[in-house]
Amino acid sequence: MIRRTRLVYGVLISLWALILAWQIMEHHRVRHYSRETLINRAKDICNTCGVVIRSQRRFGGFISRERLESALKPLIRPGEVLSLALLNTAGDVVASAGAPIDFERQGLVPTGAHWAETTVALMNLVDLGTNETSEAEGQGPAIVMPRAPVFPTPATNRPPDNPPAPRDREGSRSRPDGAWQESPPPPAAIRPDDGPGGTNASPRDRRWGRSRPDGNRPPFGRPFWMSEQDYQSLIQKHGVNSFLIVLSTASMRAANSRDLWLRAVLCAFATLAVAGGASAWRHLCKSSELEVRLVRAAELNTRLKEMNLAAAGLAHETKNPLNIVRGLAQMISKQEDASPEIRSKSTEIVDQTDQVTAQLNEFIHYFRPREVRRSAVPLASVVAEVTRALSYDVEEKAIRLEVPPELPVIEADEQLLRQALFNLLLNAIQAVDRDGHIQIAASNGAGNEIALELRDNGPGVPPEHRADIFKPYFTTNEKGTGLGLAVVQQIVLAHGWEVACLPNQPRGAIFRISHLRLATAAATRAS
């Protein structure tokens, strides 16, 4: 049984641990899925930004910073998209929307993501997908300028009263608004067969710097008035290289929190189920053990009943030889020629025989089955018969016995009630001294119940013995058998009553039988 119990407990604990591990793994999976969902949302925003940038590109790939930021502002949503920034190759912000961004690019370069307590910063590097700012193959990056680019005006269209601006670098002129423009190449540098850039090229082709049909420079390439070094420097400073998006993790944390609570509830239910299973198995084991004990107790009770019946039969059969011995001893004591010593011995034999017979009678009464046949019993008549039977003992010790003049009619077995009162009154007579006092009284209880009390002024019963005096063979009287009060308790319990020993004031004891039911009028007339 112990091995089976350990096996069951081990299986239950294993199931609980398996469920707990499963819920933990599922929660980690949900957290990972929430992160992936947030990253995919960032990818979608990056694609949208790429579309916005492509739509804002103008000649040479230039984009107005004001127009670009105005186009990006609708992408900012409180509680979801907090900030958006376009970075150059050095990691500097060239255009932004939303809240200011405070980040360290070193933490974003390896993974493309930087997770904070309430936000996450994502950069569209390799981990986040293709760089949306890169145009089709052969096109240059988008260049974000604080103001719209100012394109050069051909020399033939320049007003004559506007003197040429002084050159501040080789091949360029400074403009009044602070911008610069490339000087057109000298006429000698253009050959007649230069195509769109030569003398045969149209003024539009020469003005916008379109490449020749066999040239290598694609559309939106370096403007013809910029040198390659200035163009690359401008790309590094204002060219868009990557996106930086700062998203709020509130929705992700809320989803993770809901999932965590759900997993915790499931784990709690699993714990309760395992605990309930363990408790059920424990109670099942106890019930099985109790059933085994009950079966053994039933077998033992059957054997005890058989032994009781055999002992009662033996005691009953023993009374007959004792009666013969008692009769012979009485005959010997009455013979005229018997000596005084023989007569004394014969009288002692009679006394010892009477004592053994009394013990046998109490033994037989104790082990006799109690079958209660209830009827309306006048309590006054039963008390009168008991006092009349013990009148010799009462008169011998000059005991003052008080019996109330009127006692009610109760429901009881008359013979068993008479025996119980006889034993209680005999116990009180043996307990009191000469000139003692014994009182029988009845008091009303709850409903139609009464309590019958028998009081004496004897030495009383010590508190430590009040619960033991109703046990078989327990007595404080040297001449007692210890079965009188045990028989009283059997009779009382068979009727459904209660008996108790209480202290009497100032001295003595009170034996109270409670829950005696009054007989109805119909039962009284029938009796």
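The values are calculated or read from the model by the stated rules, or taken from the named source; none is laboratory data. Note that the structure is predicted; figures quoted are calculated from it, not measured. Heads up, the Cβs are rebuilt from the backbone with ideal geometry, glycines too, and the neighbour counts pull from every protein chain shown.
If you check Val350, Val292, which single one turns out to be over 20 Å from Leu483 (Cβ atoms), surrounded by 12 or more Cβ atoms within 10 Å (Cβ to Cβ) and either hydroxyl-bearing (Ser, Thr, Tyr) or not assigned by TED's automatic domain parsing to the domain that holds Phe474 (or both)? Quick ask: steps written out before the conclusion?
On the way: Val292 fails: surrounded by 12 or more Cβ atoms within 10 Å (Cβ to Cβ).
Result of the check over Val350, Val292: Val350.
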(message) I need a count of the residues in region 441-472 that are touching a Leu at 6+ places or on another chain (Cβ under 7 Å) and either modelled with pLDDT under 80 or assigned to a loop (DSSP other than H, G, I, E, B) (or both).
(response) 4
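Kindly evaluate Ile63 against the criterion of being on the phi < 0 side of the Ramachandran plot and not in a helix (DSSP H, G or I).
Details: on the phi < 0 side of the Ramachandran plot: yes; not in a helix (DSSP H, G or I): yes.
Taking the combined requirement at face value, the residue satisfies it.
Do the conditions hold for Asn448, that is, is it of a type in the set (S, T, N, Q), out of contact with any Pro (no Cβ under 6 Å at 6 or more places or on another chain) and over 22 Å from Gln489 (Cβ atoms)?
It is true that Asn448 is of a type in the set (S, T, N, Q), out of contact with any Pro (no Cβ under 6 Å at 6 or more places or on another chain) and over 22 Å from Gln489 (Cβ atoms).
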(request) Please indicate, with yes or no, whether at least one residue in region 398-409 is of a type in the set (Lys, Arg), modelled with pLDDT of 90 or more and more than 59 Å from the chain's Cα centre (by Cα). (result) yes
(request) Would you confirm whether any residue within region 112-124 is touching a strand residue (DSSP E or B) at 6+ places or on another chain (Cβ under 6 Å), at pLDDT below 70, within 17 Å of Ile235 (Cα to Cα) and part of a loop (DSSP other than H, G, I, E, B)? (result) no
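For (1) in contact with a helix residue (DSSP H, G or I) (Cβ under 8 Å, 6 or more places away or on another chain); (2) farther than 30 Å from Ser83 by Cβ; (3) surrounded by 12 or more Cβ atoms within 10 Å (Cβ to Cβ), each residue gets a yes or a no:
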position	(1), (2), (3)
Asp230	no, yes, yes
Leu234	no, no, yes
Ala255	yes, no, yes
Leu262	no, yes, yes
Lys286	no, yes, no
(request) Output yes when any residue across region 319-341 is in contact (Cβ under 8 Å) with a residue 12 or more places away in the chain and touching a Lys or Arg at 6+ places or on another chain (Cβ under 7 Å), and no when none is. (result) yes
(request) Could you tell me whether region 22-33 includes any residue that is in contact with a Phe, Trp or Tyr (Cβ under 8 Å, 6 or more places away or on another chain) and in a helix (DSSP H, G or I)? (result) no
(request) Considering only region 44-91, state which residues are closer than 19 Å to Val246 by Cα and of a type in the set (D, E, K, R). (result) Asp44, Glu69, Lys73, Arg77, Glu80
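Filter region 23-38 down to the residues that are free of Cβ contacts under 8 Å to residues at least 40 places away in the same chain and either of a type outside the set (Asp, Glu) or in contact with a Lys or Arg (Cβ under 8 Å, 6 or more places away or on another chain) (or both) and list them by number.
Looking only at region 23-38, we keep the residues that are free of Cβ contacts under 8 Å to residues at least 40 places away in the same chain, and these are 25, 28-29, 32-33, 36.
Passing the criteria: Met25, His28, Arg29, His32, Tyr33.
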(request) Confirm whether Ile13 is more than 25 Å from the chain's Cα centre (by Cα), hydrophobic (A, V, I, L, M, F, W, C) and in a helix (DSSP H, G or I). (result) no
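Of all residues in region 441-452, which are touching a residue at least 12 places away in the same chain (Cβ under 8 Å) and over 18 Å from Val394 (Cβ atoms)?
Selection gives Ala442, Gly445, Asn448, Glu449, Ile450, Ala451, Leu452.
Could you list, in sequence order, all residues of region 66-77 that are in contact with a strand residue (DSSP E or B) (Cβ under 8 Å, 6 or more places away or on another chain) and not in a helix (DSSP H, G or I)?
Ile76
Here is a check on your reading of the model: is Arg418 under 24 Å from Phe363 (Cβ atoms) and among the basic types (Lys, Arg)? Give the derivation first.
On the way: under 24 Å from Phe363 (Cβ atoms): yes; among the basic types (Lys, Arg): yes.
Judged against the criteria, Arg418 is a match.
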